[in-house]
1. Consider the range 68-85. How many of its residues are more than 12 Å from the ligand (Cβ to nearest atom) and either on the phi > 0 side of the Ramachandran plot or surrounded by 20 or more Cβ atoms within 10 Å (Cβ to Cβ) (or both)?
2. Return the residues of the range 44-67 that are crowded, with 21+ Cβ neighbours inside 10 Å and away from the ligand (no atom under 13 Å from the Cβ); say none if nothing qualifies.
3. Can you confirm whether the range 220-236 contains a residue that is within 16 Å of the ligand (Cβ to nearest atom) and touching a helix residue (DSSP H, G or I) at 6+ places or on another chain (Cβ under 6 Å)?
4. Do we have any residue at all in the range 258-273 that's free of Cβ contacts under 8 Å to residues at least 60 places away in the same chain, in contact with a strand residue (DSSP E or B) (Cβ under 6 Å, 6 or more places away or on another chain) and away from the ligand (no atom under 14 Å from the Cβ)?
5. Restricting to the range 274-308, count the residues that are within 14 Å of the ligand (Cβ to nearest atom), in a helix (DSSP H, G or I) and either closer than 24 Å to residue 114 by Cα or more than 17 Å from the chain's Cα centre (by Cα) (or both).
6. For residue 168, are the conditions met, namely being without any contact (Cβ under 8 Å) to a residue 40 or more places away in the chain, under 21 Å from residue 154 (Cα atoms) and crowded, with 19+ Cβ neighbours inside 10 Å?
7. Does residue 124 fit the bill of being modelled with pLDDT of 95 or more, surrounded by fewer than 19 Cβ atoms within 10 Å (Cβ to Cβ), in contact with a strand residue (DSSP E or B) (Cβ under 8 Å, 6 or more places away or on another chain) and assigned to a loop (DSSP other than H, G, I, E, B)?
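The values are calculated or read from the model by the stated rules, or taken from the named source; none is laboratory data. Since we're looking at a predicted model, the values are computed, not measured. Cβ coordinates were reconstructed from backbone atoms using ideal geometry, including for glycine residues, and neighbour counts include every protein chain displayed.
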Ligand code: MLT
């Protein structure tokens, strides 16, 4: 079995694969445009952020399995994979705690304006009065949109902060700590904080549009650590400017495909929008858990022919 790993992967799990007589090509610097030339002779491709486009899949000659070392599979051309009978698997739930921690971190950062606060200090400015207007999270209404693995981890932490939890999902929610809601009209007008944990698909595309932002309370905190496509960015910018919404985003339209380099986004010009580098899953704990699951998928496939999470 030849496995190409085209993103960073922990050494300990590369060793484990080698000990199981798997041939590993470890090429963490490969990008979307390099992959079509590197895919020949590969049975299994492992990626985190690298985009697997149709050309890569079409150029493959023995590819059977693509594993996303993460939860979402938006960076893989699933149609092309289906057409070539290549299976696509992922690691759901393995990085949920890390993403939930970032969502909570963004809530606190926005309430306390931590990045502004620190930037002023670094610039030699002392603005204690300006930074003494935070509201605090205790007792606040938190709306969790998408109550899957990540949404549940956010809820656990928010409960410990004394927040009141409202949640919405396509699946039934059975949690005595949560007030379930169906209609956005019922909860967005009272939510102090809204956090999104949805996959990107045809139903969720631009779900957070002008109409939903119009329902939100003035000054509400809006967090998106899921996928950029769920939010209409123009509508968000308008809401930030006109309703004093404060936004914390780990994802945005036009995220660079390069692993490092420059970034340009209209969000850079708007105060009160904090954007992080799509680092929700970027804790050592989460990356080890994801890598372990990836290895288990490969070993199980070799042993039984079954593909987990497929
Ligand atoms: C996910 O889908 O789980 C995240 O995008 C993962 C990541 O950034 O690695």
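1. The qualifying residues number 3.
2. 44, 45, 52, 56, 57, 60, 63, 65, 66
3. The answer is yes; a qualifying residue exists.
4. Yes, some residue in the range 258-273 is free of Cβ contacts under 8 Å to residues at least 60 places away in the same chain, in contact with a strand residue (DSSP E or B) (Cβ under 6 Å, 6 or more places away or on another chain) and away from the ligand (no atom under 14 Å from the Cβ).
5. Within the range 274-308, residues that are within 14 Å of the ligand (Cβ to nearest atom), in a helix (DSSP H, G or I) and either closer than 24 Å to residue 114 by Cα or more than 17 Å from the chain's Cα centre (by Cα) (or both) number 3.
6. yes
7. For residue 124, the condition - modelled with pLDDT of 95 or more, surrounded by fewer than 19 Cβ atoms within 10 Å (Cβ to Cβ), in contact with a strand residue (DSSP E or B) (Cβ under 8 Å, 6 or more places away or on another chain) and assigned to a loop (DSSP other than H, G, I, E, B) - is not met.
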